[in-house]
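The values are calculated or read from the model by the stated rules, or taken from the named source; none is laboratory data. This structure is a prediction, so every number in the text was calculated from the model and none was measured. All Cβ positions, even for glycine, are placed from backbone atoms using ideal geometry, and neighbour counts span all protein chains on display. Remember, those area values only see protein heavy atoms, side chains included, never the ligands or the DNA or RNA. Shrake-Rupley method; radii C 1.70, N 1.55, O 1.52, S 1.80 Å.
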Amino acid sequence: QVQLVESGGGLAQAGGSLRLSCAASATHFSYIHMGWFRQAPGKEREFVARISSSGDSTYYADSVKGRFAVSRDNAKNTVYLQMNSLKPEDTAVYYCNAVTEITASNPLYRSWGQGTRVTVAS
C-alpha cells in the first residue's frame, strides 16, 4: 500500500506563494507519473498538474497555468507544487496521487492522503 503525505499548506494572501510537498512511500516512485489535485469546499476534486516519471514533461490545468509549477526529486520520493500569484479561488485541500498515464489525469491509487489545506485570503 503506497502512502502519500502532503504538506506545506497554510494561509496566504492573494498574490502570495506557497510550496507544497508530497512524500510517497512507493519503492518504484521514479517509475510513476505523479499528479496534484485539489478539492474546494462544495466542489468535486479536480486536476491541477502532473509530471512525468523523469520530470521531463509537465501539464497544468488552464486555471493554474503560468502560476503553478510542478517538480519532483526522485532521490527523495517527493513531488512539489510551487504556487505563485495565488488567488482566493485557489483555496482548497490539495492532494497528490500517481496518474495512470502522463497524457491523462486519471488517479492511479484508490486511496488518497489526508491532503494539505490552502487558504488564500483576498
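Odds and ends about this structure:
- Filtered by the rule that a residue be free of Cβ contacts under 8 Å to residues at least 40 places away in the same chain, in contact with a helix residue (DSSP H, G or I) (Cβ under 9 Å, 6 or more places away or on another chain) and under 17 Å from V99 (Cα atoms), the range 61-83 gives a lone residue, R72.
- Test: residue in the range 16-27 that is without any contact (Cβ under 8 Å) to a residue 60 or more places away in the chain, outside any loop (DSSP other than H, G, I, E, B), in contact with a strand residue (DSSP E or B) (Cβ under 6 Å, 6 or more places away or on another chain) and among the basic types (K, R): no
Per-residue answers, yes or no, for (1) more than 14 Å from the chain's Cα centre (by Cα); (2) surrounded by 16 or more Cβ atoms within 10 Å (Cβ to Cβ):
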| position | (1), (2) |
| --- | --- |
| H33 | no, yes |
| G42 | yes, no |
| E46 | no, no |
| A49 | no, yes |
| S52 | no, yes |
| R72 | no, yes |
| A75 | yes, no |
| D90 | no, yes |
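- Evaluation of A75 against the conditions (1) at pLDDT 95 or above; (2) outside any strand (DSSP E or B); (3) closer than 23 Å to S122 by Cβ; (4) not polar (S, T, N, Q) shows that the sole unmet condition is (3).
- Some residue of the range 16-24 being open to solvent by 60 Å² or more (accessible area, probe 1.4 Å) and more than 17 Å from T116 (Cβ to Cβ): no
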